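Notes to accompany the following structure.
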Amino acid sequence: MNYKKIIAGAMALSLTLSLTACGGSSGGETETTTADVTTTAATEWTGDNVEVEALDETLDVDINGKSLKWLGIYDLKPTNDSPERSPELALFEDTYGAKIEYIPTTSDKRFEDLATNIMGGTSPDIFAYEWRSFPCDIAKGQYQPIDSLVNWEDPKWADVKDTADGFIWKGEHYIAPLGYSFNDTQVLMYNKSTIQSEGFDDPYELYLNGEWDWNTFTDMMKTFVENGSSDGTERFGIGGWWANAFVYTAGETMVTYDGSKFGNNLRSGKIERAQGVLEDIFKNNLIKRGWIGGESAFVDDSLLFYSMGTWAYNAAALSVPDDEIQIVPFPKDPDSDEYFVSNKVFAYMWVKGSENGDCVKAWFDCNRTVNYDEKYVEATKEKYLANNPGWTSEMYDIAMDFYDSEKFTQAYDYGYGLSTLMADQVMSVLYEGIANEQFESWVQAREEYFPIVDEEINVYNNAE
């Protein structure tokens, strides 16, 4: 089974501030949540009318009555806003008899609180994986390797070992991938009625035929805008959050990692080609500026393509109930046969100073099971569709396909994790500077930031 096909929506954190040791504040991500499934007994999990069987196999750990200490900005247990237990919590509590001890913090103080607890000898057991976890916070000694907790030969873990191998630090694994953050996955959307009325070939059909590439994408946008100009209608080719996702389709990232050394890849010819397309999109005035919510993206037919995290799809679809909003991957380089995407890994970090390894091991296993075993995955899907009426089963499956390694290659940029300077400032400029009118050309941006990236990389490459 390929887990990238079936990962349920999972928790991701907003990256806003930092621990002083890493320099500043970390990037900007949207908080997302899992679709909940309740439990009525130790042998039955329900989500509305969805029922699935309990855990078939358990780990050889005795954690009955013990607590897993979680430091975070949200509670893993039911709350007034989210009254149902998640399936992973149900498994953890009912199968193993353990519980979660929530240590609350805030977005502004979470890294400071983590450091304070570690230094004070009161470490939590787990903390959320964020971009800066690797390599910044691992290099600072804030987390423990997890190889003693994970059996990589178990099929559920063997399925994600290639991903985990991308986060090896000094020969050890520190991140056990549980899934991907579904609501943060960037998708390209369009109104099928608009495509049809303009006489364009359907982009998703082009994708299925291997013909959805940069050239077709930009030609459609130019024609759409030109057709509006002929009758005085203001139109735009694309809007939302999209430039970084487009550059990822080049198939290479700004910062690379080979398991021991980081590399400055700003002078990649493939990245330069993708940035050249961005320059063309910019110069032809195809971009709609400013914030665009899903609820307003398609209501006036002035925007051909809209990109955002999957969280925006529900509102977009409900805003035009008589039309069909289609999801399509970002187009590929016409010189490539591969489609590339970048999705944020969902994981928990094992905090330095925690001596509660068995509880952490069981929590990891419950989370991975929910994202691997079909009976839990299907229950999560049904609950998600019930809670998000703008989604259809077909669109959900298309979005989940983005995790299928047989259809897409993941492009992960290690630059975001080098420091908070990189996450907050440098990376956003490199990926979105042209679209945001910060630079007129990629060459200008690249040469200005090349020595900065070199300096950040050398902090790790030159360390003993």
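The values are calculated or read from the model by the stated rules, or taken from the named source; none is laboratory data. Computed from a predicted model, the values in this text were never measured in an experiment. Ideal geometry is used to build each Cβ from the backbone, glycine not excepted, and the neighbour counts take in all protein chains shown.
In this structure, is Met220 assigned to a strand (DSSP E or B), under 23 Å from Ala316 (Cα atoms) and modelled with pLDDT of 95 or more? Explain how you work it out, then say what you get.
Values: assigned to a strand (DSSP E or B): no; under 23 Å from Ala316 (Cα atoms): yes; modelled with pLDDT of 95 or more: yes.
Here the answer is no, as Met220 does not meet what is asked.
Out of Lys288, Lys283, which single residue is basic (Lys, Arg) and buried (at least 17 other Cβ atoms within 10 Å of the Cβ)?
Within the list Lys288, Lys283, the selection yields Lys288.
Please specify each residue of the range 260-296 satisfying the condition of being over 22 Å from Trp212 (Cα atoms) and among the aliphatic types (A, V, I, L, M).
Within the range 260-296, Leu266, Ile292 meet the criteria.
Out of the range 439-464, which residues are touching a residue at least 60 places away in the same chain (Cβ under 8 Å) and of a type in the set (Phe, Trp, Tyr)?
Hits for the range 439-464 are Trp442, Tyr449, Phe450, Tyr460.
Say whether the condition of being closer than 27 Å to Tyr74 by Cα, surrounded by fewer than 21 Cβ atoms within 10 Å (Cβ to Cβ), of a type in the set (Val, Ile, Thr) and modelled with pLDDT of 95 or more is met by at least one residue in the range 129-146.
no
Go through the range 407-426 residue by residue and tally those that are charged (D, E, K, R) and within 16 Å of Lys344 (Cα to Cα).
Initial filter on the range 407-426 (charged (D, E, K, R)): 407, 413, 424.
Still in the running and within 16 Å of Lys344 (Cα to Cα): 413.
Residues in the range 407-426 being charged (D, E, K, R) and within 16 Å of Lys344 (Cα to Cα): 1 in total.
Of the residues Lys192, Lys161, which is at pLDDT 95 or above, surrounded by fewer than 19 Cβ atoms within 10 Å (Cβ to Cβ) and within 24 Å of Trp241 (Cβ to Cβ)?
Lys192
Just to be sure I understand the filter: pairs with C-beta atoms under 9 Å, separated by 6 or more residues or on different chains, first member in the range 198-218 and over 22 Å from Val247 (Cβ atoms), second member of a type in the set (A, V, I, L, M). Which pairs pass?
From residues that are over 22 Å from Val247 (Cβ atoms), the pairs are Glu198/Met220; Glu198/Leu304; Phe200/Met220; Phe200/Leu304; Asp201/Ile195; Asp201/Met220; Asp202/Ile195; Asp202/Val328.
Here is a list: Gly269, Gly276, Gly263, Gly294. Which entry is without any contact (Cβ under 8 Å) to a residue 24 or more places away in the chain and either surrounded by fewer than 21 Cβ atoms within 10 Å (Cβ to Cβ) or within 22 Å of the chain's Cα centre (by Cα) (or both)?
None of the other options fit; the residue is Gly269.
Name the strands (runs of 3 or more DSSP E) wholly within the range 229-274 that hold at least 2 residues that are farther than 30 Å from Trp311 by Cα and out of contact with any Gly (no Cβ under 7 Å at 6 or more places or on another chain)?
It comes to 262-264.
Is it the case that Ser302 is buried (at least 19 other Cβ atoms within 10 Å of the Cβ) and in contact with a strand residue (DSSP E or B) (Cβ under 7 Å, 6 or more places away or on another chain)? If you could, list the steps in order and put the result at the bottom.
Working: buried (at least 19 other Cβ atoms within 10 Å of the Cβ): no; in contact with a strand residue (DSSP E or B) (Cβ under 7 Å, 6 or more places away or on another chain): yes.
When the stated conditions are applied, Ser302 does not pass them.
Say we look at the range 236-260 and pick out the residues that are of a type in the set (Ser, Thr, Tyr) and either surrounded by 19 or more Cβ atoms within 10 Å (Cβ to Cβ) or within 17 Å of the chain's Cα centre (by Cα) (or both); which of these is farthest from Pro329 (Cα to Cα)?
Step one: of the range 236-260, the residues of a type in the set (Ser, Thr, Tyr) are 248-249, 253, 256-257, 260.
Cutting the leftovers down to either surrounded by 19 or more Cβ atoms within 10 Å (Cβ to Cβ) or within 17 Å of the chain's Cα centre (by Cα) (or both) gives us 248-249, 253, 257.
Values: Tyr248: 12, Thr249: 10, Thr253: 18, Tyr257: 26 Å.
Here the answer is Tyr257.
Between Asn462, Asn458, which is exposed (fewer than 14 other Cβ atoms within 10 Å of the Cβ), under 17 Å from Thr256 (Cα atoms) and touching a strand residue (DSSP E or B) at 6+ places or on another chain (Cβ under 9 Å)?
Step by step, each of Asn462, Asn458 is checked, and only Asn458 is exposed (fewer than 14 other Cβ atoms within 10 Å of the Cβ), under 17 Å from Thr256 (Cα atoms) and touching a strand residue (DSSP E or B) at 6+ places or on another chain (Cβ under 9 Å).
Taking the residues in the range 55-98 that are touching a residue at least 60 places away in the same chain (Cβ under 8 Å) and of a type in the set (Lys, Arg) as candidates, determine which candidate is surrounded by the most Cβ atoms within 10 Å (Cβ to Cβ).
Only one residue tops the list, namely Lys69.
Under the condition of being in contact with a helix residue (DSSP H, G or I) (Cβ under 8 Å, 6 or more places away or on another chain) and not β-branched (Val, Ile, Thr), which residue from the range 205-223 is farthest from Gln326 (Cα to Cα)?
Only one residue fits best here, namely Trp214.
Give the residue that is surrounded by the most Cβ atoms within 10 Å (Cβ to Cβ), with candidates limited to residues of the range 403-453 that are touching a Ser or Thr at 6+ places or on another chain (Cβ under 6 Å) and not small (Gly, Ala, Ser).
Out of the qualifying residues, it is Thr420.
What about Val345, is it crowded, with 24+ Cβ neighbours inside 10 Å and of a type outside the set (S, T, N, Q)?
Yes, satisfied.
Filter the range 286-331 for residues that are assigned to a loop (DSSP other than H, G, I, E, B) and either in contact with a helix residue (DSSP H, G or I) (Cβ under 7 Å, 6 or more places away or on another chain) or of a type in the set (Lys, Arg) (or both) and give the result. If you could, list the steps in order and put the result at the bottom.
Taking the range 286-331 as the starting set, the residues that turn out to be assigned to a loop (DSSP other than H, G, I, E, B) are 286, 289-293, 297-302, 320-324, 329-331.
Across the range 286-331, the qualifying residues are Leu286, Arg289, Gly293, Ala297, Phe298, Val299, Asp301, Asp323, Glu324, Pro329, Phe330, Pro331.
Out of the range 321-371, which residues are outside the structural domain of Gly276 (by TED's automatic domain parsing), in contact (Cβ under 8 Å) with a residue 60 or more places away in the chain and farther than 23 Å from Asp162 by Cβ?
Residues satisfying the conditions are Val351, Lys352, Gly353, Ser354, Asn356, Gly357, Asp358, Cys359, Ala362.
Do we find a residue being among the small types (Gly, Ala, Ser) and under 20 Å from Asp337 (Cβ atoms) anywhere in the range 280-293?
Within the range 280-293, not a single residue is among the small types (Gly, Ala, Ser) and under 20 Å from Asp337 (Cβ atoms).
Condition first: among the basic types (Lys, Arg) and either assigned to a helix (DSSP H, G or I) or in contact with a Pro (Cβ under 6 Å, 6 or more places away or on another chain) (or both). Now tell me which residues in the range 58-94 satisfy that.
Lys69, Arg85
Checking Ile118 against (1) on the phi > 0 side of the Ramachandran plot; (2) part of a helix (DSSP H, G or I), which test does it fail?
With (1) on the phi > 0 side of the Ramachandran plot; (2) part of a helix (DSSP H, G or I) applied to Ile118, the lone miss is (1).
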